[in-house]
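Contents: one structure, followed by commentary.
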Amino acid sequence: LLEKMADVSLKEAALIVGVVAACYWNSLFCGFVFDDVSAILDNKDLHPSTPLKNLFQNDFWGTPMSEERSHKSYRPLTVLTFRLNYLFSELNAVSYHFLNLVFHVVVCVVFLKVCKLFLDNRSSVVASLLFAVHPIHTEAVTGVVGRAELLSSIFFLAAFLSYTKSKGPDNTIVWTPIAVTVFLVAVATLCKEQGITVVGICCVYEVFIAQGYTLPVLLDTAVQILRGKGSIPFSMLQTLLKLIVLMFSTLLLVVVRVQVIQSQLPVFTRFDNPAAVSPSPARQLTFSYLLPVNAWLLLNPSELCCDWTMGTIPLVESLLDVRNVATLTFFCFLGSLIVFSLRYPGDSSKTVLMALCLIVLPFIPASNLFFPVGFVVAERVLYVPSMGFCILVAHGWKKLSNKSVLRKISWVCLAAVLFTHALKTLHRNWDWESEYTLFMSALKVNKNNAKLWNNVGHALENEKNFERALQFFIQATQVQPDDIGAHMNVGRTYKNLNKTKEAEESYMIAKSLMPQVI
């Protein structure tokens, strides 16, 4: 039955291709911006003259993994696809953007296949279309570096689909799909690190969906065994065996990955992620507040920004901060969904549970909760979590559209959401056209990030427009007075304008801010 259900018809695939093309055709006119510069323009690993083995020794930006300054993001397979682009068209941006578009289509189609395991046909198409047009994905699809997300997602979903075939007739174990899953997880992780989280999703799927346990049943069995009254049922032993094999192979992957980063965590500055270096409770409160911020971006992607570092989100320093209400509301809502999905048997709670897993598990590496990362909020890391979000929305929509009173209005709302999201995506793509357009659009959303003022200044400086560049650099020093780089930018621009006295003053300020040499 599942096999028949999960096939994607040609009509559905064509619909998705059409919708993605309509939303993203203008991304082909964009250049290389922001992180693309260091990952593509300045990356020697793309050149045919560089030996292939270097790809597997260097990080995503072409720095050897063994070096202190390496970011430790090990994604050789993504770099390999950049290299293929380079072979075809050297540094012509169109081919890079086109390949990203193709990968996004593939993700949408595979995602539709996954949806059909948990939703009916119509809702699956709705979820897939919502995913295809969601504006939060512009950073992953239109920013060339976002390809890491796209590739990782393809193998992430493929690994999960393979795992769903591991249960044979009469609950026997079919080992081939499990081996394929482990291989695909490894490939996904070589595209981007969070690919490994699909293992957690497979485990939850195995216990609660394939075997159909609920939390009360599991607790009951555990209590019986601990009291010495019953033995573990055979089907549970089989499930355990599968999970142990999965866990063990994942552990191997993690060990290899830690060897690769040579057991050092990357070093980030306090500008990249101010909360990571704050004292408790500010650190915990801010990191917790970032979760509702991300959820809000999925719900209302109207204010998108390419860079959320520095002063974009002021720290939450006390328990009396109003923003803690958002955090509390978020956790209450999430908690109630988790309780609903784990306590009650039935298809609805299974769908909600899988949607929650897709939201929560892939987001954990980027959440700052276990180890600090080099950003505060990043839209590209919401690419996979938004899949779970789209399943939840489609599931809720199905429930509403089944009620005769709400049928018409639910269709109207759905059409409105799809249309406005598609328009927003199309509009947002133009922001990625050049560095200047990208950072100017970011300044509309947040004016407290000195990095953005500096970057607009750099873009203008590259066009030899020093007078205007100066205004942006000076603004950066006002937003973040202790940013040494901003003062140096001001000094350099004064020098370019032949105002040596002012240049000297700025350089002296920068020098006074530098840490004293011991």
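The values are calculated or read from the model by the stated rules, or taken from the named source; none is laboratory data. Not measured: the values here are computed from a predicted model. Reconstructed Cβ throughout: ideal geometry from the backbone, glycine too, with neighbour counts over all protein chains shown. The area values use the complete protein model at the heavy-atom level, side chains included, leaving out ligands, DNA and RNA. Shrake-Rupley method; radii C 1.70, N 1.55, O 1.52, S 1.80 Å.
With the whole protein complex present, LEU299 retains an accessible surface near 110 Å², based on a 1.4 Å probe.
Under the convention that each Lys and Arg Cβ holds +1 and each Asp and Glu Cβ holds -1, the size of the dipole of the range 2-261 around its Cα centre is about 600 debye.
Taking a ≥ b ≥ c as the square roots of the eigenvalues of the Cα gyration tensor, the range 106-192 is classed as oblate, since a/c reaches at least 1.5 and a/b does not exceed b/c. Angle of helix 500-513 to the longest C-alpha principal axis of the chain, folded into 0 to 90 degrees and rounded to 10: 40°. Contact order for the chain, expressed relative to its length and based on alpha carbon pairs under 8 Å spaced 6+ residues apart, stands at 17 percent. Computed on the Cα atoms alone, the convex hull of the range 2-261 gives a volume of 152 cubic angstrom per residue.
The region of the chain that goes longest without hitting one of the GluC sites (Glu not before Pro) in a DSSP loop, each with at most 14 other Cβ atoms within 10 Å, is 91-302. Positive-end ranking of LEU252, LEU99, PHE208 along the dipole of the range 2-261, with charges on Cβ about the Cα centre, is headed by PHE208. Rounded to the nearest 10 degrees, the inclination of helix 147-163 to the longest alpha-carbon principal axis of the chain is 10 degrees.
The mean accessible area for residues of the chain, using a 1.4 Å probe and ignoring ligands and nucleic acids, is 47 Å² per residue.
The apolar share of the surface of the chain, taken as the fraction of accessible area on carbon and sulfur atoms (1.4 Å probe, ligands and nucleic acids excluded), comes to 68 percent.
Rounded to the nearest 20 debye, the dipole size of the range 92-176 about its Cα centre is 180 debye, using +1 on the Cβ of Lys and Arg and -1 on the Cβ of Asp and Glu. Spin-label model, VAL94/GLN224: points 7 Å from Cα along the beta carbon direction are separated by 6.7 nm.
Across the range 274-405, Cα pairs under 8 Å and at least six residues apart give a relative contact order of 29 percent. Taking amide hydrogens as placed 1.01 Å from N in the peptide plane, the amide H of ASN58 sits under 5 Å from those of MET65, each at least 5 positions away in sequence or on another chain.
Just want to confirm a number: the relative contact order over the range 449-513, from Cα pairs under 8 angstrom separated by 6+ residues, in percent. Rounded, it is 29 percent for the range 449-513. Is there a pair in LYS113/LYS398; LYS72/LYS165; LYS11/LYS167; LYS72/LYS451; LYS11/LYS424; LYS113/LYS399 whose C-alpha atoms are over 27 Å apart, and which pairs would that be? In this structure, LYS72/LYS165; LYS11/LYS167 lie more than 27 Å apart at Cα.
Compared with the dominant Cα axis of the chain, that is its longest principal axis, helix 347-360 is turned about 30°. For trypsin sites (Lys or Arg not before Pro), the sites in the range 439-518 that DSSP calls loop and that have at most 10 other Cβ atoms within 10 Å are LYS464. Taking each DSSP H run with n ≥ 4 as -39500 (n - 2.57) and averaging over every residue of the chain yields -20000 deg cm²/dmol at 222 nm.
If I ignore ligands, DNA and RNA and count only protein heavy atoms, how much of MET514 is accessible to a 1.4 Å probe, in Å² to the nearest 10? Its accessible surface works out to 80 Å², give or take rounding.
Ordering ALA510, ASN449, LEU497 by the projection of their Cα atoms onto the charge dipole of the range 449-513, which places +1 on the Cβ of Lys and Arg and -1 on the Cβ of Asp and Glu, puts LEU497 at the extreme positive end. Size descriptors for the range 274-405: radius of gyration and Dmax over Cα atoms are 16.2, 54 Å. Scalar couplings 3J(HN,Hα) for the range 188-204, obtained by applying the Karplus form with A = 6.51, B = -1.76, C = 1.60 to θ = phi - 60°, are 4, 5, 6, 8, 7, 4, 6, x, 5, 5, 5, 4, x, 5, 4, 5, 4 Hz; x denotes Gly and Pro. In the chain, the convex hull through the Cα atoms has an average projected area of 28.9 nm², a quarter of its surface area.
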